[in-house]
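First the structure, in the form of structure tokens, and then the observations on it.
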Amino acid sequence: METLGIVIERADAGEAVVRMDVPETLMSPFGQVLGGAIAALFDTALAIAVARQVEPEDRVATHALNVAYVAFSRERRLVCHARVVSLRRSVATAEGEVTDGAGALLAKALGTFGVRRQES
């Protein structure tokens with residue numbers, strides 16, 4: 001997370017708020033944040049939202065991540081708000097939005113995650 005400039009601002013049972021201070025290496029030659037950087041922020045934030053709703057010893061892994069980009073950003077401080085939509089025994093679904101520092105919507109995502117529960 002440190003390499004990508006990702007920091008958890010808040011994470012509880014209702015929502016995960018994760019910030020990314022985009023490093024220079026994740027900017028395009030045209031001065032815009034790479035789409036892959038935004039996808040990495042989504043992948044991390046949505047997984048954190050799911051992890052906050054399972055036991056600490058349970059494991060969460062991404063099965064699918066669908067990202068819809070709606071705007072470019074030259075701003076390097078991004079914020080993802082992520083929430084769990086559905087949590088079953090072995091599969092969870094989460095959604096989120098990424099905005100820039102001014103609050104402008106950049107992208108929305110829906111992710112499906114495998115949940116591996118540790119038997120006690």
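Provide the gained length on full extension for the span HIS63 to THR25, in nm with one decimal, where the gain is 0.36 nm per separating residue minus the Cα-Cα distance.
Working: separation 38, 0.36 × 38 = 13.68 nm, distance 2.65 nm.
In short, 11.0 nm is gained.
How big, in percent, is the set of alpha carbon pairs in segment 67-119 lying more than 17 Å apart?
Across segment 67-119, Cα pairs with separations above 17 Å total 46 percent.
Please calculate how many Å² of accessible area the chain carries per residue, with a 1.4 Å probe and no DNA, RNA or ligand atoms counted. Provide the component values of the computation, followed by the final result.
On the way: 6570 Å² over 120 residues.
Heavy-atom accessible area per residue stands at 55 Å².
Where does the charge balance sit around SER90 when Lys and Arg score +1, Asp and Glu -1, over other residues with C-beta under 12 Å from its C-beta?
+4
Over the Cα atoms of the chain, compute the convex hull volume and normalise it per residue, giving Å³. Walk me through the numbers on the way to the answer.
Values: hull volume 11.2 nm³, N = 120.
It is 93 Å³ per residue.
Which percent of the accessible area of segment 1-99 is formed by carbon and sulfur heavy atoms (probe 1.4 angstrom)? Whole-percent figure for carbon plus sulfur exposure: 53.
Each Lys or Arg adds one and each Asp or Glu subtracts one; over the other residues with Cβ under 15 Å from the Cβ of ILE38, this totals -1. Once the Cα atoms are used to define both axes, helix 35-51 deviates from the longest principal axis of the chain by about 30 degrees. Basic side chains Lys and Arg get +1 at the Cβ, acidic Asp and Glu get -1 at the Cβ, and with that the dipole of the chain about its Cα centre reaches some 260 debye.
The values are calculated or read from the model by the stated rules, or taken from the named source; none is laboratory data. Quick caveat: nothing in here was measured; it's all calculated off a predicted structure. Note: ideal-geometry Cβ built from the backbone for every residue, glycine included; neighbour counts use all protein chains shown. The protein model used for the area step is the full one, side chains on, heavy atoms only, and it has no ligands, DNA or RNA in it. Shrake-Rupley method; radii C 1.70, N 1.55, O 1.52, S 1.80 Å.
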